[in-house]
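Student: Below are the structure tokens for one structure; questions will follow.
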Amino acid sequence: MPNRFALSSIIAISIASPALAAPLAKPSAFGICAACHKVDKGAPNGVGPNLFGIGNTKAGDVPGFAFSPAMKNSNIKWTKENLVAFIQNPRQIVPGNRMPFAGLKNPQSAEAIASYILSLK
């Protein structure tokens, strides 16, 4: 007969500490972003910063990337709302940033990309 205490401890531990959620599937619309941005943990920055783990961090805080003063001083936190807005119109959200992308006008695609980026942990 199994030890009830040991079994209940295992159940309690697995309930109390769920596994980290897997990243969402990369949306096809991310292809335009992938031209400049890497998304793998530990990957070097490219033309743009590596986006792995940027969710809920301050804009301009990716180590080793030379951000524009506009991005560093923007005081933006990368929440879903802010990411969607930035993906749709980066020049309006952070005037003076150096990203050479005019924006993705499709709101569903922008939201899918933002959700994907936020899932990268």
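Every number in this text was worked out from the coordinates using simple rules, so none of it is lab data. No experiment lies behind these values; they were computed from the predicted model shown. In this analysis, Cβ positions are derived from the backbone assuming ideal geometry, glycine residues included, and neighbour counts consider all displayed protein chains.
Student: Starting from the Cα of Lys41, draw a straight line to each of the lysines and keep only those under 17 Å, dropping any in the same chain fewer than 8 residues away.
Tutor: Lys26, Lys121
Student: Further, regarding this structure: Subtracting the Cα-Cα distance from 0.36 nm times the residue separation, let me have the gained length for Lys80 to Leu24 in nm, one decimal.
Tutor: 18.7 nm
Student: Would you please state which residues of the stretch 81-121 a label at Ser68 would reach in this model, taking the label point 7 Å out along Cα→Cβ and a backbone N cut-off of under 11 Å?
Tutor: Flagged as within label range: 90-102.
Student: Still on this structure, please answer the following. Take peptides 51-59, 36-44, 90-98 and line them up by average Cβ neighbours within 10 Å, highest first, as a rough protection proxy.
Tutor: Result, highest mean Cβ count within 10 Å first: 51-59, 90-98, 36-44.
Student: From Cα pairs below 8 angstrom and at least 6 apart in sequence, can you work out the relative contact order of the stretch 21-119, rounded to a whole percent?
Tutor: 30
Student: Related question: At a Förster distance of 22 Å, what's the computed FRET efficiency of Arg98 paired with Asn56, Cβ-Cβ distance as r, to 0.05?
Tutor: 0.45
Student: Can you list the aspartates and glutamates whose alpha carbon sits under 19 Å from that of Lys105, skipping same-chain ones fewer than 8 residues off?
Tutor: Answer for Lys105, where 19 Å is the Cα cut-off: Glu81, listed by chain and number.
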